[in-house]
Protein chains: 2
Amino acid sequence: MTDHAFTLLATDGAARRGRIDTPRGDIQTPAFMPVGTAGTVKAMYPEQVRETGADILLGNTYHLMLRPGAERVASLGGLHTFMDWQRPILTDSGGFQVMSLAKLRKLTEKGVTFRSHIDGSAYELTPERSMEIQTLLDSDIIMQLDECIALPAERPEMERAMELSLRWADRSKTAFGNQPHRALFGIVQGGDDAVLRARSAAGLKSIGFDGYAVGGLAVGEPQDVMFRVLSEITPELPNERPRYLMGVGKPDDILGAIERGIDMFDCVHPTRAGRHGHAYTRFGVINLKNARHRDDGRPLAAESPNPNCRRFSRAYLSHLVRQEEILGAMVLSQINLAYYQELVSGARAAIEAGRLADFAAETRAQWEKGDLPAVA
Amino acid sequence: MTDHAFTLLATDGAARRGRIDTPRGDIQTPAFMPVGTAGTVKAMYPEQVRETGADILLGNTYHLMLRPGAERVASLGGLHTFMDWQRPILTDSGGFQVMSLAKLRKLTEKGVTFRSHIDGSAYELTPERSMEIQTLLDSDIIMQLDECIALPAERPEMERAMELSLRWADRSKTAFGNQPHRALFGIVQGGDDAVLRARSAAGLKSIGFDGYAVGGLAVGEPQDVMFRVLSEITPELPNERPRYLMGVGKPDDILGAIERGIDMFDCVHPTRAGRHGHAYTRFGVINLKNARHRDDGRPLAAESPNPNCRRFSRAYLSHLVRQEEILGAMVLSQINLAYYQELVSGARAAIEAGRLADFAAETRAQWEKGDLPAVA
């Protein structure tokens with residue numbers, strides 16, 4: 001058995017409020033995991049990430065296996081020491097980014113061979129090697145290797161990838177072995193097909209995992225398709241295990257997925273949007289490149305619990321963004337991650353209080369209302 | 001009289017230990033002023049700049065007059081509020097960067113007209129407009145407009161620019177008027193010619209300024225020429241006023257200038273070097289792109305008072321620099337500014353103790369010795 005116990009603290013409809021206990025600290029769910037792609041959440045110190053409210057980070061196996069290399073990270077004491085983040089880290093399997101970033105990919109039953117997008121050097125990623133890399137990184141939550149395809153896709157292709165992912169799930173579990181201080185999550189595939197998804201979930205359950213991820217969503221399909229798949233699949237997953245929707249998403253996606261019973265999320269969007277001058281606040285998304293902010297001495301969001309939303313004027317943030325100043329990326333990354341954490345912590349409190357529907361309606365109404373009127 | 005009193009606390013040879021009292025806080029001298037070019041010390045939050053030990057920042061009039069514009073900064077409450085730095089700010093006159101960055105410059109007795117290097121729009125900078133802009137920015141220490149020429153130069157050219165700078169000094173003083181909560185500094189010019197420099201200093205003294213800057217150095221001449229000019233000029237400056245060497249320099253330049261009686265410094269070098277992967281520590285300058293650091297789990301400088309020098313391994317910093325991660329620029333900017341502050345605070349303590357020569361010798365010996373031996 002794993003040391004990663006999941007405790008379901010409350011439910012509200014399909015939504016769940018829980019806690020994952022890990023040897024490196026608790027994870028309150030629903031949880032949003034900032035993405036530390038290459039051993040750093042871009043433009044932020046680790047303690048600044050923690051201050052936004054994050055309990056856990058995600059690291060990308062693909063990026064880290066290329067640079068600085070998994071064996072190097074291991075010899076330097078593991079990823080937590082390397083980046084000075086002592087709380088839990090979840091690593092992905094590397095598969096998704098091999099498919100989206102690497103060159104000259106060749107997929108076989110055994111695994112995938114590819115060339116680095118950085119220098120063209122050759123690599124092989126198999127379920128066994130993915131487990132080895134994630135263990136070398138000293139990850140707390142390890143993901144099986146899977147094959148994620150884009151949507152829309154034909155049913156035979158969705159079925160083929162799902163079945164391959166199931167066989168890789170089995171090999172991942174065997175290769176993972178007995179590591180009670182780490183957790184291993186399986187990944188449900190099957191595209192937008194309810195029958196394939198259910199078959200995938202059943203197969204994973206019979207192998208047995210510490211948590212169940214939903215992969216292959218937010219890969220080109222409309223939001224209502226994603227929500228439909230989530231509504232169909234979460235009842236197929238064990239209640240006593242955390243559920244993780246991979247790579248999702250915008251605040252509205254996250255809120256809808258929480259309502260459908262998802263516990264964990266990760267996405268590069270908040271930090272990437274911040275580097276491009278977009279701020280997420282309770283008013284929705286604000287483009288600081290817009291001319292209306294240039295002379296606006298008001299803070300971004302006066303009532304925000306985040307000091308960075310209060311201390312700098314919109315005019316200053318707009319100036320930083322226009323000048324492509326690094327501080328603009330730093331502040332907006334922090335503002336956006338803090339808003340994502342405000343959203344999931346608000347959802348946690350609402351589920352506990354049995355008022356998630358009200359919380360969601362209020363939150364969406366505020367997004368809909370949008371930003372403050374411009375100054376005259 | 002100005003509210004910016006300068007108190008000479010101790011001397012050691014030509015070197016001086018002092019304090020400038022300003023309405024926004026004291027400045028301990030010798031002082032190093034980080035450069036906040038366009039309203040931000042690049043890649044750092046204001047409190048991080050303060051944590052390195054900085055008492056005062058420098059803002060660039062040229063950059064700020066183009067973007068976001070001096071009138072806009074004034075309408076937003078001034079530069080301190082704009083960038084959330086409540087301690088003193090010194091602004092340069094804009095002249096130096098007009099000469100180095102702007103296009104289609106035309107210099108006349110009246111001032112200089114030029115076009116923005118960003119969008120080509122036309123501006124005029126005169127002594128009067130420079131005073132107006134620096135006042136709009138709400139600067140604490142304002143610099144006269146001067147003409148700074150590159151070295152080597154012919155004597156008639158050095159003389160012409162020096163004489164023009166003196167006439168502009170007079171007009172700057174008149175335009176500055178009576179603003180007791182701000183200080184106005186004159187700028188000594190005259191190239192590498194001792195007679196011209198002395199004539200410049202005498203002219204400025206007869207006008208009367210709150211402080212005296214030495215301009216037109218570190219503009220192409222060897223270090224020994226700069227040191228010779230400093231040794232010649234500081235005896236010509238009033239003892240009871242601070243002396244500021246503009247735009248200098250590397251740690252070795254600063255130490256030598258302190259020994260020759262300079263009180264204040266500014267330079268973009270520490271933050272720019274940080275963004276390019278160079279770290280300044282007591283071991284001298286360390287290039288983190290060097291392959292020797294890739295597997296080096298040791299901190300940059302284990303005995304540094306700066307936590308960023310201790311918490312991250314050389315291997316991690318090397319990784320960040322190679323990956324061009326923003327965090328690399330953030331950490332190294334902080335490390336470098338902290339080292340510059342360690343250097344001037346060490347010099348301050350040494351002057352108080354009458355042992356500057358020993359401090360300088362020890363510091364130079366450590367630089368000479370260089371970095372730790374590479375790991376085997």
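Summary of computed values
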{"read-out": "GNM flexibility winner over chain B from B:93, B:345, B:172 (Cα, springs under 10 Å)", "value": "B:345"}
{"read-out": "Solvent-accessible area lost in complex, 50 Å² minimum, residues of the stretch A:57-103 relative to chain alone, 1.4 Å", "value": "A:67, A:72, A:76, A:82, A:84"}
{"read-out": "3J(HN,Hα) from dihedral phi, the stretch B:56-62, Karplus parametrisation 6.51/-1.76/1.60, rounded to Hz, x for glycine, proline", "value": "8, 10, 10, x, 9, 4, 4"}
{"read-out": "For the stretch A:108-247, the spread of Cα positions along each principal axis, largest first, Å", "value": "38, 36, 23"}
{"read-out": "The stretch B:137-179: relative contact order in percent, alpha carbon pairs under 8 Å with at least 6 residues between", "value": "47"}
{"read-out": "Apportionment of accessible area to carbon and sulfur, chain B, percent (1.4 Å)", "value": "51"}
{"read-out": "For the stretch B:53-144, Kirkwood radius (reciprocal of mean inverse C-alpha pair distance, Å)", "value": "13.3"}
{"read-out": "Cα long-axis angle, helix A:223-233 against chain A (0 to 90 degrees, to the nearest 10)", "value": "50"}
{"read-out": "GluC sites (Glu not before Pro) restricted to the stretch A:76-162 and DSSP loop, no more than 13 other C-beta within 10 Å", "value": "A:109, A:154"}
{"read-out": "Complex-versus-alone comparison for the stretch B:275-315, residues with a loss of 40 Å² or more in accessible area, probe 1.4 Å", "value": "B:294, B:295, B:311"}
{"read-out": "From phi via Karplus (6.51, -1.76, 1.60), per-residue ³J(HN,Hα) for the stretch B:11-26 in Hz, x at Gly/Pro", "value": "9, 8, x, 7, 6, 10, 10, x, 8, 9, 8, 10, x, 9, x, 7"}
{"read-out": "Those residues of the stretch A:330-344 for which accessible area with every protein chain present is at least 30 Å² below the isolated value (1.4 Å probe)", "value": "A:330"}
{"read-out": "Equivalent ellipsoid dimensions for the stretch A:249-343 as semi-axes, Å, which come from the Cα gyration tensor, largest first", "value": "25, 13, 11"}
{"read-out": "GNM top mover of B:156, B:235, B:34 - chain B, alpha-carbon springs below 10 Å", "value": "B:156"}
{"read-out": "Placed amide H near residue B:5: partners under 5 Å, 5+ positions off or other chain", "value": "B:21"}
{"read-out": "Solvent exposure of the stretch A:243-376 as accessible area per residue, Å², 1.4 Å probe", "value": "36"}
{"read-out": "When each of B:289/B:369; B:110/B:205; B:42/B:289; A:110/B:289; A:103/B:289; B:106/B:173 is checked by Cα-Cα distance, pairs over 30 Å", "value": "A:110/B:289"}
{"read-out": "Interface burial for A against B (accessible surface, 1.4 Å probe, total of both chains, Å², rounded to 100)", "value": "3400"}
{"read-out": "Other protein chain Cβ atoms within 10 Å, averaged over every residue that makes up B:172-180", "value": "0"}
{"read-out": "Relative contact order %, the stretch B:262-354, counting alpha carbon pairs below 8 Å whose residues are six or more apart", "value": "33"}
{"read-out": "Highest-MSF residue in chain A out of A:31, A:43, A:169 [GNM, Cα springs under 10 Å]", "value": "A:43"}
{"read-out": "Residue list for the stretch B:352-376, given a label point 7 angstrom along the Cα-to-Cβ vector of residue A:75 and an amide N cut-off under 18 Å", "value": "B:373-376"}
{"read-out": "Value of [θ]222 nm, deg cm²/dmol, for chain B, DSSP H segments ≥ 4, -39500 (n - 2.57) each, nearest 500", "value": "-12500 deg cm²/dmol"}
{"read-out": "Percentage relative contact order, chain A, counting C-alpha pairs under 8 Å, at least six apart", "value": "18"}
{"read-out": "Bridge type composition, the protein assembly as shown - antiparallel percent by DSSP, nearest 5", "value": "50"}
{"read-out": "Exposure of residue B:362 as accessible area (Å², to 10), given a probe of 1.4 Å and all protein chains", "value": "100"}
{"read-out": "Chain B - share of DSSP beta bridges that are antiparallel (%, nearest 5)", "value": "50"}
{"read-out": "Chain B Cβ-axis minimum, rotational copy A, residue and distance in Å", "value": "B:326, 3"}
{"read-out": "Zero-based 20 Å bins, Cα pair distances in chain B, whole percents", "value": "29, 58, 13, 0"}
{"read-out": "Using θ = phi - 60° and Karplus 6.51 cos²θ - 1.76 cosθ + 1.60, couplings along the stretch A:335-348 (whole Hz; Gly, Pro as x)", "value": "4, 5, 5, 5, 5, 4, 5, 4, 5, 6, 6, x, 5, 4"}
{"read-out": "Accessible-area value, residue B:168, 1.4 Å probe, nucleic acids and ligands omitted, Å²", "value": "0"}
{"read-out": "Largest-first ellipsoid semi-axes for the stretch B:182-305, taking √(5λ) over the Cα gyration tensor eigenvalues, angstrom", "value": "36, 14, 12"}
{"read-out": "Heavy-atom surface of the stretch A:22-133, accessible at 1.4 Å and reported per residue (Å²)", "value": "34"}
{"read-out": "Paired Rg and Dmax values of the stretch B:149-197, which use every Cα atom, in angstrom", "value": "13.1, 40"}
{"read-out": "Span per principal axis, largest first, for the Cα atoms of the protein assembly as shown (Å)", "value": "91, 65, 43"}
{"read-out": "In Å², nearest 10: area of residue A:63 left accessible to a 1.4 Å probe", "value": "40"}
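The values are calculated or read from the model by the stated rules, or taken from the named source; none is laboratory data. Since the model is a prediction, treat every value here as computed from it, not as a measurement. Note that each Cβ is placed from the backbone with ideal geometry, even for glycine, and that neighbours are counted across all protein chains shown. Areas reflect the complete protein model, heavy atoms only, side chains present, ligands, DNA and RNA absent. Shrake-Rupley method; radii C 1.70, N 1.55, O 1.52, S 1.80 Å.
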